[in-house]
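Remarks on the structure that follows.
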Amino acid sequence: MGLFCIIAFNFFSLALAEEKNKRQPVAQSSDGRFHDLGDGTIQDVKTNLMWMKQDCWQLEKRWVSWYSAQEFVRRMNNKRFAGHNDWRLPTPEEAHQLYDRRRLNKDKDGDKIFIDRIFPKGAGWGTWTSEEKGNQAVVVSFKDEGGQTYQNKITGQDAFLRLVRGPVT
């Protein structure tokens with residue numbers, strides 16, 4: 001009887017955990033690609049990545065160096081932001097997938113950025129990524145034609161950050 005109770009409890013716990021991961025979105029992008037899960041996250045159903053809805057500028061009103069971005073990742077994981085502790089910097093490829101010339105949004109200065117409007121206006125114009133080369137790291141831009149640039153990891157000016165979780169692509 002004891003073994004049955006343990007098995008039943010584990011099955012019930014797994015079912016609850018699975019149900020939690022299948023939350024119904026509170027909003028969707030016009031094309032259905034992005035789902036706002038109502039907990040500060042956006043699920044990209046095309047890539048199966050989960051993004052923070054707000055970037056570090058929207059949350060903390062400051063730019064960050066690449067090293068400060070690493071600390072931001074640690075803080076979000078330590079506090080289990082939205083119930084998860086596996087947040088990370090996106091790869092350049094992942095960040096580029098947010099850029100869509102057909103989607104108009106506004107950055108913190110009111111300038112055009114091309115990410116879906118399910119992400120709130122007022123974000124930074126791009127994001128630091130996990131790709132490093134010496135004392136530089138890649139920043140992906142959501143402005144104009146998109147693209148990427150290497151910036152100094154310590155003195156990188158005007159740099160922002162949007163965290164992601166999910167399988168590295």
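The values are calculated or read from the model by the stated rules, or taken from the named source; none is laboratory data. The model shown is predicted, which means the values in this text are computed figures rather than measured ones. Positions of Cβ are backbone-derived with ideal geometry, glycine not excepted, and every protein chain shown enters the neighbour counts.
Counting only strands (runs of 3 or more DSSP E) wholly contained in the stretch 113-153, the ones carrying 2 or more residues that are touching a residue at least 60 places away in the same chain (Cβ under 8 Å) and buried (at least 20 other Cβ atoms within 10 Å of the Cβ) occupy 126-133. Scoring residue 156 on the criteria (1) closer than 16 Å to residue 70 by Cα; (2) among the small types (Gly, Ala, Ser); (3) modelled with pLDDT of 95 or more; (4) in a loop (DSSP other than H, G, I, E, B) leaves a single failure, condition (3). Scanning the stretch 20-57 for residues that are touching a Pro at 6+ places or on another chain (Cβ under 9 Å) and on the phi > 0 side of the Ramachandran plot returns 38, 48.
Please work out if residue 89 is surrounded by 12 or more Cβ atoms within 10 Å (Cβ to Cβ) and over 17 Å from residue 46 (Cβ atoms). So residue 89 fits the description; yes.
Would you confirm, using the coordinates I've provided, whether residue 123 is touching an Asp or Glu at 6+ places or on another chain (Cβ under 9 Å) and within 15 Å of residue 49 (Cα to Cα)? So residue 123 fails the test.
Looking only at the stretch 113-169, count how many residues are among the small types (Gly, Ala, Ser) and either under 28 Å from residue 26 (Cβ atoms) or within 17 Å of the chain's Cα centre (by Cα) (or both). Going through the stretch 113-169 one residue at a time, the tally reaches 8. Among the candidates 102, 75, the residue that is among the basic types (Lys, Arg) and either touching a residue at least 24 places away in the same chain (Cβ under 8 Å) or assigned to a helix (DSSP H, G or I) (or both) is uniquely 75. Of the conditions (1) part of a strand (DSSP E or B); (2) in contact (Cβ under 8 Å) with a residue 60 or more places away in the chain, residue 69 fails just one. Which one is it? With respect to (1) part of a strand (DSSP E or B); (2) in contact (Cβ under 8 Å) with a residue 60 or more places away in the chain, residue 69 is out only on (1).
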